[in-house]
């Protein structure tokens, strides 16, 4: 069975640009969560979606937004990129809430 | 109050030794304490988890010890192997939502 898949795996943007990251959850999983992992730190919670509804939001500015589609895939959007947004963005899915999180390998974003 | 404090930052242990990673929390509403293992280039993977009504949980070579009154918990790895070399994160959450991670411990097991 396919695990959580994320795209793109790596990308480079410049300050002020916009980025869209995509996530496909494990088949049958209805919840998707997004985390930001800065180098050398633990992942930080950004958003959680369940059945296409936002269930939780972490302490991130409004430049960060997300949505979940009818097929349970998800997008994370970040506007007006800053150098400090450079990080590994992790998507995790779970079959239910609460439930065990299964992480993808992440999208490595570099902002120049 | 939402933090999970993890120590040490890094740890080097001989093969067969027992590395111990410690974590502390403040929020008594936390009711789920997972440990994640992360290899370079990979996402974190759930290793073992415990709830505060249990003082110890073992899964294979991995053991969590939990001290509710001290608000501390720790991970022990028995008979450690070079393949256990990875970054380990303790975490906490309320009902499994919005998991709060510690800063991680980079573990290196010497062959």
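In table form, for the structure just shown:
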quantity	calculated
Any chance residue B:64 is more than 11 Å from every other protein chain (Cβ to nearest Cβ), assigned to a strand (DSSP E or B) and under 12 Å from residue B:87 (Cα atoms)	no
Selection within segment A:58-104 - out of contact with any strand residue (DSSP E or B) (no Cβ under 6 Å at 6 or more places or on another chain), at the interface with chain B (Cβ under 9 Å from one of its Cβ atoms) and modelled with pLDDT of 95 or more	none
Number of the condition not met by residue B:88 [criteria: (1) under 26 Å from residue A:55 (Cβ atoms); (2) within 14 Å of chain A (Cβ to nearest Cβ)]	(1)
Single unsatisfied condition, residue B:98 versus (1) at negative phi; (2) assigned to a strand (DSSP E or B)	(1)
Number of positions in segment A:6-52 that are surrounded by fewer than 16 Cβ atoms within 10 Å (Cβ to Cβ) and within 13 Å of chain B (Cβ to nearest Cβ)	6
Residues satisfying the stated conditions in segment B:81-95, i.e. surrounded by 18 or more Cβ atoms within 10 Å (Cβ to Cβ) and farther than 22 Å from residue B:9 by Cβ	B:93
Filter result for the condition that a residue is crowded, with 20+ Cβ neighbours inside 10 Å and in contact with a helix residue (DSSP H, G or I) (Cβ under 8 Å, 6 or more places away or on another chain), over B:109, B:64, B:100, B:21	B:109
Test: residue in segment B:101-108 that is more than 15 Å from the chain's Cα centre (by Cα), assigned to a strand (DSSP E or B) and within 14 Å of chain A (Cβ to nearest Cβ)	no
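The values are calculated or read from the model by the stated rules, or taken from the named source; none is laboratory data. On a predicted model such as this, the values are computed, not experimentally measured, just so you know. As a convention, Cβ positions derive from the backbone with ideal geometry for all residues, glycine included, and neighbour counts pool all protein chains shown.
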